[in-house]
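No value in this document is a laboratory result; all are computed from the given coordinates. The shown structure was predicted, so the numbers you read here are calculated from the model rather than taken from an experiment. In this analysis, Cβ positions are derived from the backbone assuming ideal geometry, glycine residues included, and neighbour counts consider all displayed protein chains.
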Amino acid sequence: MSDDRPAISIMAPLHFPHPPNEEIVQEIERLTGTKLEMNWVPDGIYTDKVNTALTTNTLKKATFIKYSDYIILKNSIRSGAFWEIGPYLQQYPNLKKLNPDILEQAAVDGKIYGLYTERPSSRQGLIIRKDWLDNLGLAKPATLDELYEVLKQFTYGDPDRDGKQDTFGLTDRNDLVFGAFKTLSSYFGTPNGWSVSETEQRLIPEFESPAYVDTMDFMKKLYNEKLINQDFAVTSKEVQRDKVLRGLAGVYIGSMQDVQRIHDEAKLINPKAEFTLANRIAGPQGFKVWSIPNYNGLYLFSKKAIKTEEELKQVLEFFDRTMDKDVANLLRYGIEGKHYTKVGDQVRLLEETSQLRVNEVNSLYTLMLADLSNPNVLHIAEQESLTTKADELSADNETFIVKDPTVSLESKTYDEKGLELYKIISDATYNYILGKLDGKGFAKEIERWKQSGGDQITDEYSKEYFSKKAASR
């Protein structure tokens, strides 16, 4: 490779213990004709690193922004810190095929700034210790009452048969969205973010619904009866996972796609550990599960790091090239013969190479654009059974998802104050569950949210929602 190949600096989150294998990175460079300068940042500190890079003007040419952090960047986008890329997409054979609906979901003031990584509408469900269910003669839970009973038996029924009361039901973390709370909340029938009142011509925030309070009461019961880790309100994702890996807890509520990795790592500690999945937990309104916008996050392009239009086009060309068959499958599966084999035109993932893929390949998944709908990504002929099951149940979730009506709406007040206002509700929710706040106290915090800007957000969302609805008639 010649030294005049363009240098592409990228900052991306590392979701796995190891950055990708250097051999694969060099092959990506060879195929794309670029020199990659990858900055892999552990996922747990990624948001802080992005904020630091933003305030110190040290963003890379391409920086991955998580969906949950996107709000932080919107004012910077509006102030001109990032390139608008919408006008360039038609120049690239793959980028011009990106889904316009998803691009619209992520647009700012109708303009496109980011290239999205794709995800299903909902991967949420339960990862459960199957061997514990078997030991106790329990079936997988299918209702909220059955889930409570499983959590109780996992705490007090000696599910690991060691003669000690040293286990508990649910492991959770300090995240009301991607932890257990929001998924449980959707089972109880809470709207996803907002509900729509046609009579009042208004949107109503989820925490004003009776089902939200029912969820808090359920979590409070789990906390009071010690069926959940008592430090869940201050627990990180890593510690939450560790509790299920080490056999302290029997249920993990979150992305079902995590099951294979949890299974593989738990087996290293206890070869008897077995896991299963559940996604249909019936609540008062039947089956419900919250959905997310179909992008995981976005690559944004810093004007500080990319000085010229020519440089921007080089970076866009790299990302376009990653969607071609040779590069896309290298990112997804690794090197043929080492990380996977082929059966005809399909990929075969062997269990014996599973850990190798975790160590050398899987972290590259963050670089894949629109992989779920990219026809160049090969299909899997055979893969680990738990991965297959997670895919099946994620697809099944599509049949009863609850959408957030504000996904493609914009509220300037939310962009400016959304995070600080969310903290009011988040703190109030935790304090209610922990018994530090009663119903009246929670209602007072809702009023504080409204007076601090929440009413303004509601007005802005409601106005846009109903004007869009009227225009579409």
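Students often get this wrong: which residues of region 335-349 have the backbone nitrogen under 17 Å from the point 7 angstrom along Cα-to-C-beta of residue 385? Residues 349 fall inside that zone.
I need to check one value: relative contact order of region 124-290, counting alpha carbon pairs closer than 8 Å and at least 6 residues apart, in percent. Can you show the working numbers first?
Details: 289 pairs, mean separation 66.4, N = 167.
Relative contact order of region 124-290: 40 percent.
Between residue 224 and residue 3, the contour length at 0.36 nm per residue exceeds the Cα-Cα span by 73.2 nm.
Legend: distances between Cα atoms for 66/423; 221/243; 111/237; 403/444; 130/272; 237/423; pairs beyond 22 Å are 111/237; 403/444. The trypsin sites (Lys or Arg not before Pro) of region 231-267 that DSSP puts in a loop, and whose beta carbon has at most 14 other beta carbons within 10 Å, are 246.
Please work out the Kirkwood hydrodynamic radius for region 1-96, using every pair of different C-alpha atoms, and report it in angstroms with one decimal place. Don't skip to the end; give the middle numbers.
Working: mean 1/r = 0.0653 Å⁻¹.
Answer for region 1-96: a Kirkwood hydrodynamic radius of 15.3 Å.
Site pair residue 359 and residue 196 shows an inter-label distance of 5.2 nm when each label is modelled 7 Å from Cα along Cα→Cβ.
Annotation: extensible slack from residue 36 through residue 310 equals 96.9 nm (criterion: 0.36 nm per residue apart, minus Cα-Cα distance). Length gained on full extension, residue 174 to residue 272: 32.3 nm, using 0.36 nm per residue less the C-alpha separation.
Under unit Cβ charges (Lys, Arg +1; Asp, Glu -1), what dipole magnitude, rounded to 20 debye, does region 124-290 have relative to its Cα centre? Before the final figure, lay out each step's value.
Numbers: 21 positive and 25 negative charges, 62 e Å.
So the magnitude is around 300 debye.
In whole angstrom, how far apart do the alpha carbon centroids of region 355-397 and region 184-253 sit? Region 355-397 and region 184-253 have Cα centres separated by 27 Å.
Taking a straight line from the alpha carbon of residue 97, these lysines sit under 16 Å away, with near neighbours fewer than eight places off in the same chain left out: 325.
Cα centroid separation, region 287-319 to region 96-124: 9 Å.
Using square roots of five times the C-alpha gyration tensor eigenvalues, list the equivalent-ellipsoid semi-axes of region 124-290 in whole Å, biggest first.
Numbers: eigenvalues 175, 47, 42 Å².
Computed over region 124-290, the values are 30, 15, 15 Å.
Between residue 156 and residue 79, what is the FRET efficiency for a Förster distance of 45 Å, r being their Cβ-Cβ separation, to the nearest 0.05? Plugging the Cβ-Cβ distance into 1/(1 + (r/R0)^6) gives 0.20.
Considering the zone a paramagnetic label at residue 69 would reach in this model (a point 7 Å from Cα along the Cα-to-Cβ line), which residues of region 44-58 have amide N under 12 Å from it? Output list for this probe position: 44-55.
Counting helices only, and only those DSSP H runs with n ≥ 4, report the 222 nm mean residue ellipticity of the chain as the sum of -39,500 (n - 2.57) divided by its residues, in deg cm²/dmol to the nearest 500.
Helix-only estimate at 222 nm: -12500 deg cm²/dmol.
Between residue 399 and residue 107, the modelled label-to-label distance comes to 3.4 nm, taking each label 7 Å out from Cα in the direction of the beta carbon.
In units of the compact-protein estimate 2.2 N^0.38 Å, the chain shows a Cα radius of gyration of 1.01. Once you divide the Cα radius of gyration of region 50-135 by 2.2 N^0.38 Å, the number left is 1.51.
Please go through the residue pairs 35/304; 96/412; 220/440 and name each one whose alpha carbons sit more than 21 Å apart in this structure. Could the numbers behind the result be given before it?
Numbers: 35/304 19 Å; 96/412 29 Å; 220/440 16 Å.
Violating the 21 Å Cα-Cα cut-off are 96/412.
Note that region 305-383 shows a convex hull volume over its alpha carbon atoms of 98 Å³ per residue.
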